[in-house]
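The values are calculated or read from the model by the stated rules, or taken from the named source; none is laboratory data. As the structure is a computational prediction, the values presented were derived from the model and not from experiment. Methodologically, a virtual Cβ is constructed for each residue, glycine included, from the backbone with ideal geometry; neighbour enumeration extends over all protein chains shown.
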Amino acid sequence: MKNTLRQIFHSSKFVAGFVIFVGILLLIIIYPLIHPGNPLEMIGVGTFAKPGTYVSVYDAVTTEKETLKLPDAASKRLGNVLKEEDRQKMADWLTAMEIDISDLDLSDTTALLEVWNANYDEKARPAGMTKAERNYYKRLNASLGSLGSSGKMTVTEHDSSGEEQVVANIGTEDYVNVGNVANTRNLVLGTDNFGRDVLKELVSAARTSIFIGLIAGAVATLIGLLLGLLSGYLGGIVDDIIMFITNIFTVIPGFVLLILISYSIGQDKRGAPVVALVIGLTSWTWTARSVRSQVISLRNRDHVNLSRLSGHSLVRILATDILPYIASYVVMAFILQVSSGILAEAQLSLLGLGPKTTEVPTLGLMMNWAMLYSAHLNGSWWAYFPVILMITLISFSLNLMNTGLDQVFNPTLRD
């Protein structure tokens with residue numbers, strides 16, 4: 001056993017896959033301890049908040065301020081307001097007013113504002129421009145004008161007199177230390193379409209998907225192993241019956257069968273264990289056929305014949321004389337079944353046939369939500385790309401482990 005383990009961990013492919021998979025397991029175990037809470041909790045009212053650190057504006061106003069004179073603060077402030085679309089719109093207005101801007105660089109914020117301030121007139125009516133477009137330019141010009149002021153003032157209404165009182169004057173050179181603000185939240189991957197923390201949701205989804213993969217892999221491997229052992233060792237009519245059943249499941253596309261079974265169960269009853277069981281019950285055929293071929297090559301070995309002549313039972317012969325010789329193959333089959341189970345759940349959930357959406361998130365459900373709310377169309381990459389990356393890493397690590405084991409136990413593949 002020690003020699004076998006030494007050979008396994010000398011395989012670079014197995015070690016690489018093992019490290020990736022263990023890293024994912026550590027993430028899904030440790031992160032919930034650091035950031036506990038319901039992964040499906042809606043912390044945002046809006047949808048698809050970008051990744052970053054969010055600071056309470058309410059608390060920041062009343063936090064002790066420091067004065068910092070940063071040389072490029074004004075240009076950054078203006079550049080943040082003037083998006084690429086706004087710059088092009090400003091160029092369109094100037095062109096419509098027959099102002100020559102052929103030498104103007106739109107990326108030069110200072111030069112663009114000089115031309116704009118010198119020529120913009122909110123009363124002007126460029127030809128072909130709608131009222132909605134003119135209102136857009138008025139709002140844009142107002143936002144640019146407010147940035148040039150010396151500061152801003154926040155007010156509140158007095159409880160008794162109804163008069164407005166100044167709460168704080170905010171200057172353009174006033175800054176607050178984020179560490180002193182009472183309420184901040186670091187959203188590494190932003191929020192999804194429901195306003196939920198994507199990172200917390202991703203960690204929980206990965207845990208659930210791996211759980212589904214393990215259950216599905218165990219069920220499929222156990223069924224395939226039992227049927228393969230009986231079919232390969234007994235032969236005859238038992239082999240014919242088992243192979244007939246196996247061929248029926250092989251002829252019917254497995255994923256189609258999986259869809260039909262999942263649809264017939266109904267969403268209210270489709271919890272994660274039920275989905276895992278359904279996947280396992282529909283994906284055992286290739287394991288059974290492979291185990292059968294291995295057993296056929298072993299059933300007439302001398303040690304098996306000797307055990308048979310000694311009067312040992314069928315269970316003992318299969319468990320002690322045949323199973324140890326195919327144990328490595330069974331482990332590799334289990335790893336592949338786990339990977340297939342995770343991918344099958346993702347496919348089912350994309351079609352809306354996965355586990356209940358109100359219980360726990362899965363990687364497939366996160367992809368389904370991102371697709372339904374068009375995250376891929378509005379540029380909200382954080383809602384789906386980390387999910388794709390997580391599925392890829394899990395499948396890649398498991399397949400690397402399987403390839404490494406195959407190289408160790410299959411002499412024809414050794415270097």
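A compact table of results
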read-out: Residues of the range 5-56 that turn out to be of a type in the set (Lys, Arg) and either under 18 Å from Leu189 (Cβ atoms) or touching a strand residue (DSSP E or B) at 6+ places or on another chain (Cβ under 6 Å) (or both), as a count; value: 1
read-out: Residue satisfying condition, being surrounded by 11 or more Cβ atoms within 10 Å (Cβ to Cβ), among the acidic types (Asp, Glu) and under 19 Å from Asn183 (Cβ atoms), within set Glu41, Glu64; value: Glu41
read-out: Qualifying position, being under 21 Å from the mean Cα position of the chain (by Cα) and without any contact (Cβ under 8 Å) to a residue 40 or more places away in the chain, among Leu377, Leu393, Leu363; value: Leu377
read-out: Enumeration of residues in the range 46-94 that are hydrophobic (A, V, I, L, M, F, W, C) and part of a loop (DSSP other than H, G, I, E, B); value: Phe48, Ala49, Leu68, Leu70, Leu82
read-out: Filter pass, Ser56 being under 28 Å from Asp406 (Cα atoms) and in contact (Cβ under 8 Å) with a residue 12 or more places away in the chain; value: no
read-out: Residue tally, condition of a type in the set (D, E, K, R), within 17 Å of Ala206 (Cβ to Cβ) and part of a loop (DSSP other than H, G, I, E, B), over the range 316-360; value: 1
read-out: First in the range 108-135 and surrounded by 15 or more Cβ atoms within 10 Å (Cβ to Cβ), second anywhere and of a type in the set (S, T, N, Q), Cβ under 8 Å, 6 or more apart; value: Thr109/Ser75; Trp116/Asn141; Tyr120/Asn141
read-out: Residue ranges of helices (runs of 4 or more DSSP H) in the range 203-315 with at least 1 members in contact (Cβ under 8 Å) with a residue 12 or more places away in the chain and of a type in the set (Ser, Thr, Tyr); value: 236-251, 254-265, 285-296, 302-309
read-out: Residue list for the range 347-356, filter: surrounded by fewer than 23 Cβ atoms within 10 Å (Cβ to Cβ), touching a residue at least 24 places away in the same chain (Cβ under 8 Å) and in contact with a helix residue (DSSP H, G or I) (Cβ under 6 Å, 6 or more places away or on another chain); value: Leu353
read-out: Matching entry among Val315, Val278 (being surrounded by 16 or more Cβ atoms within 10 Å (Cβ to Cβ) and either modelled with pLDDT of 90 or more or closer than 20 Å to Leu227 by Cβ (or both)); value: Val278
read-out: Any hit, the range 19-30, residues being out of contact with any Lys or Arg (no Cβ under 9 Å at 6 or more places or on another chain) and in a loop (DSSP other than H, G, I, E, B); value: no
read-out: Search result, residues across the range 231-248 that are under 28 Å from Pro324 (Cβ atoms), under 41 Å from the mean Cα position of the chain (by Cα) and of a type outside the set (Ser, Thr, Tyr); value: Ile242, Met243, Ile245
